[in-house]
Amino acid sequence: MTCPFCDIQKAVFFESKHCYGIYNHKPIVQGNVLVIPKKHYVRFSELSQEERHDLIDSIQAVNDILKNAYGKDDFSILLQDGEKAGQTVSHLHFHIAPMEGELSSRDLVKSK
């Protein structure tokens, strides 16, 4: 199976040495974007120290871009590391999503 993140150049809005910031084609909320390593990794633990540092710096840079674009101060930054954690695309990626309102009132939060 082909990885949908390994050849994703037209959706890129941010680039660092090791990562891309891309638009999410299935956003959980408006402004939900993804930060992904350029190399194909499935798990966070597979990254080198340099790649981890670049990934964290990239997450911060993309978060700052979203703050300016959406005028929001609150964000969800999510990693689903493995299938049992909810990872549906087997290419390591972080979701960054601007948030507002009370957590319990969001449609993406399911009641028990």
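Among the conditions (1) part of a loop (DSSP other than H, G, I, E, B); (2) modelled with pLDDT under 95, the only one that Lys17 does not satisfy is (2). Any residue at all in the range 35-51 that is in contact (Cβ under 8 Å) with a residue 60 or more places away in the chain, under 14 Å from the mean Cα position of the chain (by Cα) and not in a loop (DSSP other than H, G, I, E, B)? Yes: the range 35-51 contains one or more residues that are in contact (Cβ under 8 Å) with a residue 60 or more places away in the chain, under 14 Å from the mean Cα position of the chain (by Cα) and not in a loop (DSSP other than H, G, I, E, B).
Surrounded by 15 or more Cβ atoms within 10 Å (Cβ to Cβ), over 16 Å from Glu100 (Cβ atoms), of a type in the set (Gly, Ala, Ser) and within 14 Å of the chain's Cα centre (by Cα): is that true of Ser76 in this structure? Before the answer, list the steps.
Values: surrounded by 15 or more Cβ atoms within 10 Å (Cβ to Cβ): yes; over 16 Å from Glu100 (Cβ atoms): no; of a type in the set (Gly, Ala, Ser): yes; within 14 Å of the chain's Cα centre (by Cα): yes.
No; evaluated as a whole, the condition is false for this residue.
The values are calculated or read from the model by the stated rules, or taken from the named source; none is laboratory data. Bear in mind the structure is a predicted one, so any value in this text is a computation, not a measurement. Note: ideal-geometry Cβ built from the backbone for every residue, glycine included; neighbour counts use all protein chains shown.
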